[in-house]
Amino acid sequence: MTRTLFSILFPVYLFLAFCLASGAAKAQPSEPITVAEIATHTQMRGHVDYYLDPEQTLTFEQVSAPDFALKFKPILTKTADFGYTSDSIWLRFRVQSTPQAGEIWRLHFRENFLKILDVYQVPQSGPARLLEHHTPDSPFGARTIRYPEVVVGFQMSPAQTDQFFIKYQSGGSSQLSFTVRSEQEFTALAARKTAKNFIYYGMLLLLVLISFAAFIATRQGIFAAYSAYGGFGLLFIMHGDGNAFQYIWPNLPLFNGYASILLGSGLIASGANFARLFLSTRKYHPVLNKLLLALILGELILVASTVVVDTQLIKKLLVLLALFGAVLFTVSGLIAARTRFKEVRFFVIAWTGAVISSAIMTSRHWFGIEISEEVQFDSMRIVFVLDAALMGAAILDRFNQMRHAQGQALQSSLQEAQRNLAMSGRLRALENKYALAVKLADHTEKRLTDTVHDLRQPLHALRLNIQRLMDGQVAGDGAVNPDQIEETFGYLETLVSKELDPVSQSGIPSVQDDSQAPVNMREILQNVHEMFQADASAKGLDLRVIPSSEPVALPALDLMRIVTNLVSNAIKYTEKGAVLFGLRHRDGALWLEVHDTGVGLPPDAFHKVLMRAVRGDDLNGAEGHGLGLSIVQGLLEKHELQLDANIRPSGGTCVRVMLRRAAED
C-alpha cells in the first residue's frame with residue numbers, strides 16, 4: 001500500500017514543484033538595461049515585459065502594484081509588436097546606470113506619433129513620475145522635447161536602477177522600438193538625421209519642381225502626373241519621419257493620425273495614373289488600362305470606407321495594395337517593353353526597385369518577419385530617390401525617342417513628296433544643270449559647291465509651285481502666281497548661267513553682271529517669300545515678309561543669294577513657330593534681318609558656323625551641309641558688308657546684314 005501511495009503522490013509532487021518553479025521564474029524580473037555615459041540599447045528581448053489590456057481600463061496604479069507583477073510576460077522579439085491591435089499595451093523595464101554615467105537621458109521612440117502614450121518613471125526612492133502624456137488630441141507642441149519622433153527625457157543619478165512603465169496605443173501597427181540614449185548622443189544623432197532627411201527632401205522636391213515647370217512649359221499631362229506622384233511620395237516620407245507633423249500640420253493631431261491613409265492612397269493612385277499616361281495603356285494595352293483604373297477606383301473606395309471601417313484595417317490593407325500596385329506597374333512596363341523597349345526601359349527598372357521596398361513592408365506587416373523600421377524607411381527613401389530620378393530619365397528618353405521617330409516620319413514624307421513631283425520641260429533642263437553641277441563639284445571646289453547649295457532650296461520650291469500650278473491651284477488660299485514662278489525661273493537660270501557656264505559650256509548665255517545698279521528690294525523679298533512658302537507650310541511654319549521698296553546698291557543676283565541662304569537656314573533650323581524677314585532702319589543704317597523661333601545656337605558657336613563645312617546640326621540636330629552661312633559670309637566680304645546675329649537665350653535667332661542704300665553711292 002505504501003508503494004501504491006508513493007506511486008500516486010510522487011507525480012503530483014513533481015507537477016507542483018514544476019508549477020512553483022515556473023511561477024518563480026515568471027516572478028523574476030527581466031534584466032535591466034544597463035547604460036553608461038554614451039551607451040545605447042535597442043534589443044528588447046530579455047529586458048522588457050509586456051501586458052495587453054483589451055478593455056483599455058487599467059491604470060498605472062493597478063499595473064505597478066506588486067500583486068500585478070506576475071501578469072507581465074517577457075518580450076521574446078527584438079521589438080514590441082502585437083500586430084494591428086486596438087488593445088492598450090503596457091511595457092515594463094528597468095534602466096540601470098553605471099557610476100560613470102551622466103544624469104540626463106533620452107528615451108527615443110522610432111515613431112512620429114502614437115495615438116495614446118503615457119511614460120512613467122518609478123525611482124528607487126520617491127514617488128513615481130509621469131514623464132509624458134499624449135492623447136489623440138495632443139498637438140505637436142504638447143511634446144516635452146520638440147523632435148519629429150517621440151522623445152521622452154528623464155534623469156537618473158549614477159549607479160541607480162529605476163523602473164519604467166509605458167502605456168501606448170497605436171492607430172496602425174503596434175510595432176514599437178525605442179532606445180535609451182545619453183543627452184549628448186541623442187543631440188549628435190538628431191543633427192545627423194535631420195541633415196540626412198532634409199538633403200533627401202531637397203533632392204525629391206527638386207525633381208518635383210522640375211517636372212511641374214516642364215508641365216507649365218509644355219502642357220504635357222505626363223509631367224503633371226509625375227509631379228503628383230513625386231509630391232505624394234515626398235509627403236508620405238515626411239509624414240513617416242514626423243517632419244510633416246512638426247512643420248506642416250502641427251496643430252492637427254487627428255489629421256496626422258489619418259494622413260498615412262490619404263498619402264498612401266494618393267501615392268498608389270498617382271503612380272497608377274502616371275503608369276497609364278507613360279505607357280499609353282489606353283492606346284496600346286486596354287486590359288492593363290482597365291486594371292490601373294480599377295486600382296485608382298479601389299484606392300478612392302478604400303479612403304471613403306474609413307467612415308465605417310476601422311482605420312487600422314485600412315492601413316494594413318494599404319501595405320498589401322502598395323505591393324500589388326508596384327507589381328502591376330512593373331508587369332505593365334514589361335508587357336510594353338516587348339514592343340517598345342527603348343521607351344519604357346527606365347520605367348521598368350524604377351518600379352522593380354519599388355517592388356523590393358514594398359515587399360519589405362509587406363513581409364513585416366503581414367508575415368511578421370522581424371525587419372526594423374529604420375530599414376523599412378531607409379529602403380523607401382532610397383527607392384523614392386532612384387525611382388523619381390529614373391522616372392524623369394524615362395520621360396526624357398521617351399520624348400527623345402518620339403522626336404526621333406517624328407523626324408524620320410517627316411523626312412520620309414518629304415522624300416515621298418519629292419518622288420511624286422511631275423517634271424516639266426524647263427524644270428528638267430534645270431535639273432540636268434543641277435546634276436552637272438553635282439558631278440563637277442569635286443573639280444570646281446568652292447564655286448560650284450556654293451552654286452549647288454543655292455540651287456537646292458529654290459529648285460525644290462519651284463517643283464512644288466509648278467506641281468500646284470499643274471494641279472490647278474491658281475485661285476483661293478494657297479494660289480500659285482505664274483509670274484512668281486517665272487521670276488524664280490529667271491533667278492535660277494541667271495544663277496546657272498553665271499556660275500556653271502564658265503565650266504560646263506552648256507550653251508546657256510553667260511551673264512557676268514556685277515554691276516551695282518539700284519535694286520528694288522520689294523521684288524527680291526517677294527520672290528524669296530514665294531520661293532520658300534511651300535517649304536515653310538510643309539513644316540507648319542508661318543513665313544512672313546515685311547515689304548520694302550528701299551533701293552540697295554548691290555548686284556541683284558548676289559543680293560538674292562544672300563536672302564535665300566538666310567531664309568533657307570531659318571526654315572531649316574526652326575521646328576515650330578514663324579520665320580520673319582525684311583528690311584529695318586537701325587542707328588542710321590539699313591539692315592536686312594531674318595528672325596526665327598528655332599532652338600538657336602550657343603552664343604560662342606555662331607562664329608564657328610560661318611566657317612566652311614561647319615554645320616549647325618552639330619549643335620541642334622538639324623541636317624545641313626555647312627555651306628549656307630559661309631556663302632553669305634563670302635558674298636558680304638566681297639562687297640565689304642557686315643554680318644551680325646542676336647541669339648536669344650529663350651530660343652530663336654535674328655541674323656542681320658548691313659546693306660548700302662543706293663543713294664549713298
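The values are calculated or read from the model by the stated rules, or taken from the named source; none is laboratory data. As the structure is a prediction and not an experimental result, all values here were calculated from the model. Every residue, glycine as well, gets a Cβ built from its backbone with ideal geometry; the counts of neighbours run over all protein chains shown. Quick note on the areas: whole protein, heavy atoms, side chains included, nothing else; ligands and nucleic acids left out. Shrake-Rupley method; radii C 1.70, N 1.55, O 1.52, S 1.80 Å.
Kindly report, to the nearest 10 Å², the accessible surface of Thr59 as traced by a 1.4 Å probe over protein heavy atoms only.
Around 60 Å² of this residue is reachable by solvent.
Which whole-percent values make up P(r) of region 319-365 when all C-alpha to C-alpha distances are grouped in 10 Å steps starting at zero?
Result, from short to long distances: 32, 44, 20, 4 percent.
Can you sort Asp67, Asp397 by 1.4 Å-probe accessible area, starting with the largest? Kindly include the intermediate steps, with their values, before the conclusion.
On the way: Asp67 130, Asp397 20 Å².
Final ranking, largest accessible area leading: Asp67, Asp397.
Can you tell me the dipole magnitude for region 57-118 around its Cα centre, using point charges on the Cβ only (Lys, Arg +1; Asp, Glu -1), in Debye to the nearest 20? Please report the intermediate quantities before stating the final value.
Details: 8 positive and 7 negative charges, 47 e Å.
In debye, rounded to 20, region 57-118 gives about 220.
Quickly rank 186-192, 534-540 as a protection proxy: mean count of other C-beta atoms within 10 Å, highest first.
Details: 186-192: 14.3, 534-540: 16.4.
In descending order of packing, they fall as 534-540, 186-192.
Tell me, what % of the accessible area of region 112-267 is carbon and sulfur with a 1.4 angstrom probe?
Values: 4100 of 6320 Å².
In region 112-267, the share of accessible area belonging to carbon and sulfur is 65 percent.
Which pairs, out of Lys115/Lys167; Lys539/Lys572; Lys572/Lys638; Lys115/Lys316, put more than 18 Å between their alpha-carbon atoms?
Details: Lys115/Lys167 11 Å; Lys539/Lys572 9 Å; Lys572/Lys638 26 Å; Lys115/Lys316 16 Å.
Long pairs (Cα-Cα over 18 Å): Lys572/Lys638.
From the phi of every residue in region 634-642, what ³J(HN,Hα) in whole Hz does the Karplus formula 6.51 cos²θ - 1.76 cosθ + 1.60 yield, where θ is phi - 60° and glycine or proline is x?
x, 5, 5, 5, 4, 9, 6, 10, 10
Any idea what the relative contact order of region 326-391 is, in percent, if you count C-alpha pairs under 8 Å spaced at least 6 apart? Each step should come with its number before you reach the end.
On the way: 51 pairs, mean separation 24.5, N = 66.
Once normalised by length, the contact order is 37 percent.
Students often get this wrong, so check it: of Lys290/Lys576; Lys78/Lys315; Lys290/Lys315; Lys315/Lys342, which have C-alpha atoms separated by over 27 Å?
Values: Lys290/Lys576 36 Å; Lys78/Lys315 23 Å; Lys290/Lys315 25 Å; Lys315/Lys342 37 Å.
Beyond 27 Å between Cα atoms: Lys290/Lys576; Lys315/Lys342.
Name the residues whose placed amide hydrogens come within less than 5 Å of the amide hydrogen of Ser177, ignoring near sequence neighbours (fewer than 5 apart) on the same chain.
Amide H neighbours of Ser177: Arg110.
Rounded to whole Hz and in sequence order, give me ³J(HN,Hα) for region 173-186 from the Karplus expression 6.51 cos²θ - 1.76 cosθ + 1.60, θ = phi - 60°, writing x for Gly and Pro.
5, 8, 4, 9, 10, 9, 9, 9, 10, 6, 4, 5, 5, 5
Please report the spacing between the Cα centers of region 57-99 and region 222-251 in Å, no decimals.
Region 57-99 and region 222-251 have Cα centres separated by 35 Å.
Got a sec to turn the phi values of region 202-208 into Karplus ³J(HN,Hα) couplings, 6.51 cos²θ - 1.76 cosθ + 1.60 with θ = phi - 60°, whole Hz, x for Gly and Pro?
x, 4, 5, 5, 4, 5, 5
R0 = 45 Å: FRET efficiency of Ser549 with Gln220, Cβ-based, nearest 0.05? Numbers along the way, then the final one.
Values: r = 46 Å, r/R0 = 1.02.
That gives a FRET efficiency of 0.50.
Among Leu117, Leu209, what's the order by accessible area (1.4 angstrom probe), most exposed first?
Numbers: Leu117 0, Leu209 100 Å².
My answer, sorted largest first, is Leu209, Leu117.
Largest first, how would Val331, Val383, Val344 line up by accessible area (1.4 Å probe)?
If we order Val331, Val383, Val344 from most to least accessible, we get Val331, Val383, Val344.
Which listed residue (Ser305, Thr339, Asn256) has the Cα farthest towards the positive end of the charge dipole for region 244-348, taking +1 on Lys and Arg C-beta and -1 on Asp and Glu C-beta about the Cα centre?
Thr339
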